[in-house]
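A short write-up of the structure that comes next.
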Amino acid sequence: MIKQLVKNTLSFAAGTLGWSMVRRGNKKLIILMYHRVLPENDPRYQREEPGMVVSDKTFAMHMQTLHDEKVPVMTVSDWLAQPEITRAPLTVAITFDDGWLDNYEFAFPVLKQFGFRSTLYVVTDFLGKPAPFWPNKVLQLLLAEGAQPTDDWGPLLRLIDKRISLPLSRDEAARVIDHLKRHSDHEIYNALAAIPAKQDSPVEMISTEQLLDAKAAMGVEVGSHTRRHYRLKEGLSETLLQEEIVEAQQILQEMTGAPVTTFCFPNGDFSEQAFDIVKAHYSAAVTTMRGINEDGSLNPHKLLRIGVHNDISDTPMKFKAKLSNFF
Ligand SMILES: [Zn+2]
């Protein structure tokens, strides 16, 4: 009870005082990071980790709040292309990571209504696919009713490296996923590729046609988020880095017939080598480092963002507190 009261008071202070402070001083760019936008009663909402999703209602409220507060909304590229002198004291950019179909279904129509542009960071190999990220796939395998490992599971079981008896509980499966993170994404995807996919998984990623429609008719800028969402940590070969960073850009440019100039680091990870390749091929890149970008001190290839999900932003006051980066 008291805890809730303190929390509400802090949120109120951040949402009023913090919000008025953030609008003073150096010119600032707040980049919001969204993943999925879904109605709460959609089965996809229920299947997703809470930190990955905002409801369609919450998202619309966020946009209404930006509109009411008269904050200009533009893409990172447009903001960077503006001469410093003409920039507003505070600007917001809206970004979506991964290329989820639900962004096209539930977020872009709202943005269009407000006349706000946004950027969708797409994983090119995943376009038009069922939820393709390895944790989703591993979860599906481990939690499936009546699942029994076959010989095809050999490579995956070697990576898991301990005895498991199926089906696992959610907690046990989460521990296996944590354990798997010691291995590279490449190894995990290779192990999963040996296991035949179930045919009935619904498509959850945006398709090429939808992406082109979003770009042409909904003011969406297409950005690159690699080919396979590999975390660009130390130890990835030069070939893999080229595929993830440079090929992904070429694929998107051919697909859209337009330059693709911004990049998003999967999971926010990058080695020095990966960073240099990104810098050589893109004019800007966003990270998962939290913060507000200020004129004069920002690095266009290490842009800070503020992650938003439903629990922490479901009232205008909480949303403004989040924008002010107080918590
Ligand atoms: Zn991502």
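Each reported figure results from applying straightforward, stated rules to the coordinates on display, with no laboratory input. Because the structure is predicted, anything quoted here is derived from the model rather than measured. Reconstructed Cβ throughout: ideal geometry from the backbone, glycine too, with neighbour counts over all protein chains shown.
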Practice task
Just subtract the alpha-carbon distance of Ile312 and Lys198 from 0.36 nm times their residue separation and send over the number in nm, one decimal.
Solution key: 37.5 nm
Handout entry: Contact order relative to length of segment 217-302, as percent, for alpha carbon pairs under 8 angstrom and 6 or more apart
Key = 30
Practice task
At 0.36 nm per residue, minus the direct Cα-Cα distance, what do Glu238 and Arg170 gain on full extension? Give it in nm, one decimal, please.
Solution key: 20.8 nm
Problem - Hits among aspartates and glutamates - C-alpha to C-alpha of Lys181 under 15 Å, sequence gap 8 or more where chains match - result: Asp161, Glu172, Glu234, Asp269
Problem - Distance (nanometres) between label positions extended 7 Å along Cα→Cβ at Arg44 and Asp68 - result: 2.8
Exercise for the section: Output the relative contact order of the chain, whole-number percent, from Cα pairs under 8 angstrom with separation of 6+ residues. Expected result: 25
Problem - Relative contact order [Cα under 8 Å, 6+ residues apart], segment 269-327, whole percent - result: 27
Practice task
Any lysines with Cα under 17 Å of the Lys302 Cα? List them, leaving off those in the same chain fewer than 8 positions away.
Solution key: Lys28, Lys233, Lys279
Fill in the blank from the handout: Checked against the positive end of the charge dipole of the chain (+1 on Cβ of Lys and Arg, -1 on Cβ of Asp and Glu, about the Cα centre), the farthest of Asn267, Ala147, Pro202 is Asn267
Exercise for the section: Would you mind working out the magnitude of the charge dipole of the chain relative to its Cα centre, with +1 at each Lys and Arg C-beta and -1 at each Asp and Glu C-beta, to the nearest 20 Debye? Expected result: 1240
Problem - Whole-Hz couplings from phi, Karplus 6.51/-1.76/1.60, listed for segment 74-90; x for Gly and Pro - result: 8, 6, 4, 4, 5, 5, 5, 6, 6, x, 3, 5, 8, 5, 6, x, 9
Fill in the blank from the handout: Expressed in angstrom and rounded, the centroid-to-centroid distance over alpha carbons for segment 248-327 and segment 36-79 is 16
Fill in the blank from the handout: Residues of segment 98-132 with backbone N under 13 Å of the label point set 7 Å from the Cα of Glu209 along Cα→Cβ are 128
Practice task
Return the subset of Lys7/Lys322; Lys3/Lys57; Lys27/Lys70 for which the Cα-Cα distance in this structure is over 24 Å, preserving the input order.
Solution key: Lys3/Lys57
Handout entry: At R0 = 25 Å, FRET efficiency that the Cβ-Cβ distance of Ile2 and Asn325 yields, to 0.05
Key = 0.50
Practice task
Counting other beta carbons within 10 Å of each Cβ, put Val260, Val203 in order, fewest first.
Solution key: Val203, Val260
Exercise for the section: In whole angstrom, note down how far apart the Cα centers of segment 91-149 and segment 162-240 are. Expected result: 11
Exercise for the section: Quick one: net charge around Asn293, please, counting Lys, Arg +1 and Asp, Glu -1 for every other residue with C-beta under 13 Å from its C-beta. Expected result: +3
Handout entry: Cleavage-rule hits (trypsin sites (Lys or Arg not before Pro)) in segment 55-163: DSSP loop, at most 16 neighbouring Cβ within 10 angstrom
Key = Lys70, Lys162, Arg163
Fill in the blank from the handout: Exposure-ranked with fewest Cβ neighbours within 10 Å first, Ser20, Ser201 stand as Ser20, Ser201
Fill in the blank from the handout: The answer for the longest stretch of the chain without any exposed GluC sites (Glu not before Pro) (DSSP loop, at most 13 further Cβ atoms within 10 Å) is 41-144
Exercise for the section: Kindly put Arg44, Arg227 in sequence by how many other C-beta atoms sit within 10 Å of each C-beta, fewest to most. Expected result: Arg44, Arg227
Problem - Label-to-label distance, nm, for residues given as Lys279 and Thr16 (7 Å Cα→Cβ offset) - result: 4.5
